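Student: One structure follows; several queries about it will come next.
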Amino acid sequence: MSEIQPVGIDLGTTYSVVAQLDSHGIARTIPNAEGDLTTPSAVLFDDDMIVVGKEALKAAAATPELVAQYAKREMGNANFSQPINGEYFPPEVIQSLVLEKLKQDTEAKIGRCQDAVITVPAYFNEPKRKATQDAGKMAGFNVLDIINEPTAAAIAFGIQEGFLTADGESQRNETILVYDLGGGTFDVSVMSIDGKNYKVLATDGDFKLGGVDWDDRIIESLADAFVQQHQFDPRHDAGAHQRLRREAEEAKRSLSARAKVGVTFEHAGKTIRLDLSRSDFEAKTANLLDRTRFTTAKLIRDAGLKWKDLTRILLVGGSTRMPMVAAMLERESGKAVDRSLAADEAVAHGAAIYASLLKKSERLPRDVAVTNVNSHSLGVLGVETATGRPRSCTLLPRNTALPAKRSAAFTTARDGQTSVRVNIIEGGDASGNHSTPIGECIIRDLPPTLPAGTQVVVSFRYANNGRLSVKARIPSLERAAKLHIDRKSGLSDTLVDEWGKRIRNGMKPLNIES
């Protein structure tokens, strides 16, 4: 019996892609049921039926209140911001419905599909990564791993685009910048490829910056012109706003190939026509591009490099088709950018290759090692004895090579503590401001005779996929401490299982308690 190949999934903000290695070890995109290589990450809740993809996107113009889009931007939140039929859904549930569509379409093409690697923005924090893993589980996947999107793209490039030997080793050392501007997120990473070792040196990004923000600037222009002519703002009508968005996306794509495009928009029997030029569009969105430029320049400094140290600049993500992106990077670096990857498919291809590496597939006998870094610092938030004020202690600084393990010693605050609560945070300043609460690690049922100043050792294990495990122990106690982690965000294991059942039941109501 031939081995069942795992798949790689680029779970995107606007479009998603699934890929698998063929019999020759080459990653191929698997078309969906409609025959398209990309699937819109849109979900229509139509009475008792769930519709995902192109038809859901079409329905958004007529019934926007029934369509969920851009859920990826809200991963890690308790609920998606838009209620559907009066019900709020966790964003990972919406993403799981997209994944279920990908799974069903893939199985219709190639047969049973179970194991998967799912990609995430490099700048996703730990709660967002867990939510993505949970989405995969609810959709019925065995999620082998989570891999950063720029890392996946670099793997796809290195193995499939000709600068590696047949054994997967680089012919010369490469220092690669991966600039990934997708529909809703921006990532940039610097990687070194030395022999068979892929190592992320530094990563940065913005999970709320992507092509939709460029679309918004065109929407503003169209809406302002409509108001000027007809004294009504079409953005106040949800359906009209969705039609504006579709016109804006089409205009943006046209401006990547043409210097000027005319856009016609009709609402409530009134029509406008607006001529948009590429130069005007670039001027209106210059500050968005500058955000990516500043982030990229900072990343290169964080990696201890200069532009001249880079050997390649890879463009990934559909939004890098905008000419302004390549022009900016070539101006900053003095190097020609590399567009050899399929912008929409490269991330899924790299994930498929990585999945096969994890499964030790016979189709890919290369022993490639991948080393990531954490995109946010991780630490413990406590109280400073001298001042009584909150103080964070960083155990794993940002851009620490993974996997990593760090421990630090703390002390109890008072006599007779019967429990110790360790607050785990990600990011933030020295006082814990602007940090993301990850959860609480609690040691319970301590002896009432425990004196103040008793040592508590906190240990972090941070996996290569950016998932965190935490342990706390009291060395002076002979018995094992009871540990319990209460997460500040995301679904519990019980809720993941219950939502999974509901999804497999066609989203019919079950007894799910929040």
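Student: Does THR400 fit the bill of being hydroxyl-bearing (Ser, Thr, Tyr) and open to solvent by less than 30 Å² (accessible area, probe 1.4 Å)?
Tutor: Yes.
Student: Out of SER333, SER361, SER356, SER277, I need the residue that is modelled with pLDDT of 95 or more, over 28 Å from ARG398 (Cα atoms), open to solvent by less than 50 Å² (accessible area, probe 1.4 Å) and of a type in the set (Gly, Ala, Ser). Which one?
Tutor: Exactly one of SER333, SER361, SER356, SER277 is modelled with pLDDT of 95 or more, over 28 Å from ARG398 (Cα atoms), open to solvent by less than 50 Å² (accessible area, probe 1.4 Å) and of a type in the set (Gly, Ala, Ser), namely SER277.
Student: Within region 260-274, count every residue that is open to solvent by 50 Å² or more (accessible area, probe 1.4 Å) and of a type in the set (Gly, Ala, Ser).
Tutor: Looking only at that region, the number is 2.
Student: Among what's in region 22-43 and is of a type in the set (A, V, I, L, M, F, W, C) and crowded, with 23+ Cβ neighbours inside 10 Å, pick the residue that is nearest to VAL316 (Cα to Cα).
Tutor: Filtering first and then ranking leaves ALA27.
Student: Also, quick follow-up: Within region 119-137, take every residue that is touching a Ser or Thr at 6+ places or on another chain (Cβ under 7 Å) and open to solvent by 10 Å² or more (accessible area, probe 1.4 Å) and give me the one that is farthest from ALA78 (Cα to Cα).
Tutor: TYR123
Student: Condition first: open to solvent by 20 Å² or more (accessible area, probe 1.4 Å), among the hydrophobic types (A, V, I, L, M, F, W, C) and within 20 Å of ALA42 (Cβ to Cβ). Now tell me which residues in region 203-259 satisfy that.
Tutor: PHE207, ALA238
Student: OK, next. Please specify each residue of region 167-202 satisfying the condition of being over 30 Å from ARG235 (Cβ atoms), of a type in the set (Val, Ile, Thr) and either at pLDDT 90 or above or within 12 Å of the chain's Cα centre (by Cα) (or both).
Tutor: THR175, ILE176, VAL178, VAL188, VAL190
Student: Go through ARG467, ARG504, ARG487 for me and flag whichever is basic (Lys, Arg), within 25 Å of the chain's Cα centre (by Cα) and at pLDDT 80 or above.
Tutor: Values: ARG467 fails: at pLDDT 80 or above; ARG487 fails: at pLDDT 80 or above.
After applying the criteria, what remains is ARG504.
Student: Something else: Grab the strands (runs of 3 or more DSSP E) fully contained in region 1-66, keeping just those with 3 or more residues being of a type in the set (A, V, I, L, M).
Tutor: Numbers: elements: 7-10, 15-21, 27-29, 42-46, 49-52.
Here the list reads 15-21, 42-46, 49-52.
Student: Limited to region 100-110, what total is found for residues that are of a type outside the set (Ser, Thr, Tyr) and open to solvent by less than 30 Å² (accessible area, probe 1.4 Å)?
Tutor: Number of matching residues: 4.
Student: Inspect region 90-99 for any residue being open to solvent by 20 Å² or more (accessible area, probe 1.4 Å), among the hydrophobic types (A, V, I, L, M, F, W, C) and touching a residue at least 60 places away in the same chain (Cβ under 8 Å) and give the result as yes or no.
Tutor: no
Student: Where in region 275-369 are there helices (runs of 4 or more DSSP H), lying fully within it, with 1 or more residues that are under 30 Å from ASN142 (Cα atoms) and of a type in the set (S, T, N, Q)?
Tutor: By residue number, 346-358.
Student: Give the residue, chosen from GLU478, GLU440, that is more than 15 Å from LEU396 (Cα to Cα), modelled with pLDDT under 75 and more than 23 Å from the chain's Cα centre (by Cα).
Tutor: Matching residue, one of GLU478, GLU440: GLU478.
Student: When residues of region 315-358 are filtered for being under 13 Å from SER256 (Cβ atoms) and of a type in the set (D, E, K, R), how many remain?
Tutor: The qualifying residues number 2.
The values are calculated or read from the model by the stated rules, or taken from the named source; none is laboratory data. These numbers come from a predicted model, not from an experiment. Heads up, the Cβs are rebuilt from the backbone with ideal geometry, glycines too, and the neighbour counts pull from every protein chain shown. Accessible surface is based on the protein model in full, side chains and every heavy atom, while ligands, DNA and RNA are left aside. Shrake-Rupley method; radii C 1.70, N 1.55, O 1.52, S 1.80 Å.
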